[in-house]
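Colleague: Right, I'll just put the structure down here and ask away after.
The values are calculated or read from the model by the stated rules, or taken from the named source; none is laboratory data. All figures in this text were calculated on a predicted structure; none of them were measured in a lab. As a convention, Cβ positions derive from the backbone with ideal geometry for all residues, glycine included, and neighbour counts pool all protein chains shown. In case anyone asks, the SASA skips ligands and DNA or RNA and just uses the protein heavy atoms, side chains included. Shrake-Rupley method; radii C 1.70, N 1.55, O 1.52, S 1.80 Å.
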Amino acid sequence: MRVSHYFEFGDRITGGIAESVAHQRTMLDRVGIDYTTEPTLDADVLHCNLMGPRSVWYAKRARDRGVPVVAHTHVTAEDFGDSFRFTNALAKPLKPYLSRAYGLADALVCPSEYNENVIADYTDAPTTVISNGVDREKLDGFESLEAEYRDRYDLDPPTVFLVGHVIKRKGLETFVDLARELPDIDFAWFGPLDLSLKGRETTRLIEESPENCTFTGYIDDVRGAFAAGDVFLFPTHEENEGIALLEAMTAGKAVVVRDIETFEWLDDGEDCLKVSATGTGEGTDADGEIGAFADALRRLRDPDLRERLGANAAARSEAFSLDSIAERYRSLYERVA
C-alpha cells in the first residue's frame, strides 16, 4: 500500500497541526506504510491534512479516478476564531467551505470524540476518531534541563505554565488575570508570540501582563518548558484535543483545565483538576471563574497533590503513545482502499 500523505501549507504552519502531521508520519514509518508527502493520484489512498484549495482540487480528482480520500478534521470554524488577526472574520464563511471540503472525503479522521461531534454538523462523511497522540521519546531527558530553564526565565517552583502559540482562544486573558490574582506564583507561557499576527486585545494582554507572568517566545527545546513548569494550566475555551496537554501529562505534571466538552475523558481529582467555565465564586461569572481557577492553583501548592495528580496523568497518557495508535492508520487505509 502507498499513501499520498499531503500537508498543504506545511512549510508555513506550525503548532498542533504540524505536530500531528509529524506524529502521523512517525507512526506510518513504525508500521511500515509506504508514503509520499507530495500530493499525487498515483497512490492507493490520498490523505489530506489540511483542506486548502490545492487539497480540494486533488480530492475532487481522486474521487473521479476512484482513489479513496482521507481527510483530517484539524480545522473547524469553532476553533478558528480568537486565534490570529482576521480569524474571527473568516470563521463564519469557513464553515460552509469546510462542509463542502470535508464532504469530498471517503473517511474523516477526527482527533477526539468532541471534534467528531462538531464535524457531524458539517457533513455526513464517515468519521473515525484517532488521537493526535504524544511522542514520548520527544520528552526524553527533559528533567535535566530544569535548572537551565528556571534560571533563564527566573522561575521559582511551583511554576504555573502553558506551552503553545500565545492566542486568545487558549485562555490568554484567564492566564494573565490569574497571574495578577496570584502575585506570589510565577507564570510562564512557552511558545511563539508572533505579535504582528495578533489582534490589538491579544497584544495588550501580553504587554500589560504583571511582572510574575513571563511570555518566553519560541524556545529551541520544548523539553525546557516541561522541565521548568510544575502545574500545566490549560484554560482554553475551544480545543480539538490538545497535544501540549498530552505532553504535560506524559511528563507527569499536575494539570488544571477548563471544564469543557473536549476534556470529558479526564477525571477531576484523579488525573487533573477541572474548573467550571462559569466559576463558583461571588460576583460576575468572570470573577467567579478566576476565583475558581485561583483556588485550584492554591490547592496545587501542595507537592503531594501535584505528585499524585501528575503520576495518574502520566499513567493515563500511555494510551496516547504513538505505538498504541499507529495500527489504527493501517486499519483505516485498508478499510477505505
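Colleague: Test Val176 against the criterion of being in contact (Cβ under 8 Å) with a residue 12 or more places away in the chain and touching a Gly at 6+ places or on another chain (Cβ under 9 Å), and give yes or no.
Modeller: When the stated conditions are applied, Val176 does not pass them.
Colleague: Now a separate question. Of the conditions (1) in a loop (DSSP other than H, G, I, E, B); (2) in contact with a Ser or Thr (Cβ under 8 Å, 6 or more places away or on another chain); (3) surrounded by 14 or more Cβ atoms within 10 Å (Cβ to Cβ), Tyr35 fails just one. Which one is it?
Modeller: Single failed check for Tyr35: (1).
Colleague: Further question on the same structure: Out of curiosity, is Arg330 open to solvent by 40 Å² or more (accessible area, probe 1.4 Å) and farther than 20 Å from Phe175 by Cα?
Modeller: Yes.
Colleague: Something else: Mind checking which residues of the stretch 264-290 are at pLDDT 95 or above and surrounded by fewer than 22 Cβ atoms within 10 Å (Cβ to Cβ)?
Modeller: Answer for the stretch 264-290, where residues must be at pLDDT 95 or above and surrounded by fewer than 22 Cβ atoms within 10 Å (Cβ to Cβ): Glu264, Trp265, Leu266, Asp267, Asp268, Gly269, Glu270, Asp271, Lys274.
Colleague: Of these, Thr73, Thr36, which one is in contact (Cβ under 8 Å) with a residue 12 or more places away in the chain and out of contact with any helix residue (DSSP H, G or I) (no Cβ under 8 Å at 6 or more places or on another chain)?
Modeller: The conditions single out Thr36.
Colleague: Given the conditions (1) free of Cβ contacts under 8 Å to residues at least 12 places away in the same chain; (2) under 24 Å from the mean Cα position of the chain (by Cα), report the number of the one that Gly66 does not fulfil.
Modeller: All conditions are met except number (2).
Colleague: Restricting the stretch 52-89 to residues that are aliphatic (A, V, I, L, M) and within 14 Å of Ile119 (Cα to Cα), which is modelled with the highest pLDDT? Let's see the steps before the verdict.
Modeller: Just the residues of the stretch 52-89 that are aliphatic (A, V, I, L, M), to begin with: 56, 59, 62, 67, 69-71, 75, 77, 89.
With within 14 Å of Ile119 (Cα to Cα) added as a condition, the list becomes 71, 75, 77.
Details: Ala71: 98, Val75: 93, Ala77: 88.
Filtering first and then ranking leaves Ala71.
Colleague: Let me ask something else about it. Looking only at the stretch 291-305, filter to residues that are among the charged types (D, E, K, R) and outside any helix (DSSP H, G or I); which one of those is least open to solvent (accessible area, probe 1.4 Å)?
Modeller: Within the stretch 291-305, the subset among the charged types (D, E, K, R) is 295, 298-299, 301-302, 304.
Subsequent filtering for residues that are outside any helix (DSSP H, G or I) retains 301-302.
On the way: Arg301: 98, Asp302: 68 Å².
If we take residues in the stretch 291-305 being among the charged types (D, E, K, R) and outside any helix (DSSP H, G or I), then Asp302 is least open to solvent (accessible area, probe 1.4 Å).
Colleague: Against the conditions (1) at pLDDT 95 or above; (2) in contact with a helix residue (DSSP H, G or I) (Cβ under 6 Å, 6 or more places away or on another chain), where does Arg298 fall short? Just the number, please.
Modeller: Evaluating Arg298 over (1) at pLDDT 95 or above; (2) in contact with a helix residue (DSSP H, G or I) (Cβ under 6 Å, 6 or more places away or on another chain) leaves (2) as the failure.
Colleague: Please go through the stretch 155-167 and pick out each residue that is touching a residue at least 40 places away in the same chain (Cβ under 8 Å) and either surrounded by fewer than 21 Cβ atoms within 10 Å (Cβ to Cβ) or touching a strand residue (DSSP E or B) at 6+ places or on another chain (Cβ under 7 Å) (or both). Walk me through how you get there before you give the answer.
Modeller: So the first thing to find is which residues in the stretch 155-167 are touching a residue at least 40 places away in the same chain (Cβ under 8 Å), and the list is 155, 157-167.
Answer for the stretch 155-167, where residues must be touching a residue at least 40 places away in the same chain (Cβ under 8 Å) and either surrounded by fewer than 21 Cβ atoms within 10 Å (Cβ to Cβ) or touching a strand residue (DSSP E or B) at 6+ places or on another chain (Cβ under 7 Å) (or both): Leu155, Pro157, Pro158, Thr159, Val160, Phe161, Leu162, Val163, Gly164, His165, Val166.
Colleague: Next question. Provide a single number: the residues in the stretch 168-188 that are closer than 21 Å to Arg299 by Cβ, open to solvent by 40 Å² or more (accessible area, probe 1.4 Å) and of a type outside the set (Lys, Arg).
Modeller: So the count comes out to 4.
Colleague: Filter the stretch 235-247 down to the residues that are within 8 Å of the chain's Cα centre (by Cα) and aliphatic (A, V, I, L, M), then identify the one that is surrounded by the fewest Cβ atoms within 10 Å (Cβ to Cβ).
Modeller: Of the stretch 235-247, the ones within 8 Å of the chain's Cα centre (by Cα) are 239-245.
Within this subset, residues satisfying the condition of being aliphatic (A, V, I, L, M) are 243-245.
Working: Ile243: 25, Ala244: 27, Leu245: 27.
Out of the qualifying residues, it is Ile243.
Colleague: Moving on to the next point. Do we find a residue being in a helix (DSSP H, G or I) and within 24 Å of Ile219 (Cα to Cα) anywhere in the stretch 250-264?
Modeller: Looking through the stretch 250-264, at least one residue is in a helix (DSSP H, G or I) and within 24 Å of Ile219 (Cα to Cα).
Colleague: Just one of Gly32, Gly66, Gly15 is touching a strand residue (DSSP E or B) at 6+ places or on another chain (Cβ under 9 Å) and on the phi > 0 side of the Ramachandran plot; which is it?
Modeller: Details: Gly32 fails: touching a strand residue (DSSP E or B) at 6+ places or on another chain (Cβ under 9 Å); Gly66 fails: touching a strand residue (DSSP E or B) at 6+ places or on another chain (Cβ under 9 Å).
Gly15 is the lone residue from the list that is touching a strand residue (DSSP E or B) at 6+ places or on another chain (Cβ under 9 Å) and on the phi > 0 side of the Ramachandran plot.
Colleague: What pairs come up if the first residue lies in the stretch 22-33 and is under 15 Å from Ser131 (Cβ atoms) and in contact (Cβ under 8 Å) with a residue 24 or more places away in the chain, the second is open to solvent by less than 50 Å² (accessible area, probe 1.4 Å) and charged (D, E, K, R), and their beta carbons are under 7 Å apart, counting only those six or more places apart or on different chains?
Modeller: Every condition considered, the pairs that remain are His23/Asp135; Thr26/Asp135.
Colleague: Please work out which one of (1) surrounded by fewer than 20 Cβ atoms within 10 Å (Cβ to Cβ); (2) over 30 Å from Ser20 (Cβ atoms) is the condition Glu148 fails and give its number.
Modeller: In the conditions (1) surrounded by fewer than 20 Cβ atoms within 10 Å (Cβ to Cβ); (2) over 30 Å from Ser20 (Cβ atoms), Glu148 misses (2) alone.
Colleague: Taking the stretch 190-234 on its own, how many of its residues are over 30 Å from Glu307 (Cβ atoms), touching a helix residue (DSSP H, G or I) at 6+ places or on another chain (Cβ under 6 Å) and open to solvent by 20 Å² or more (accessible area, probe 1.4 Å)?
Modeller: 2
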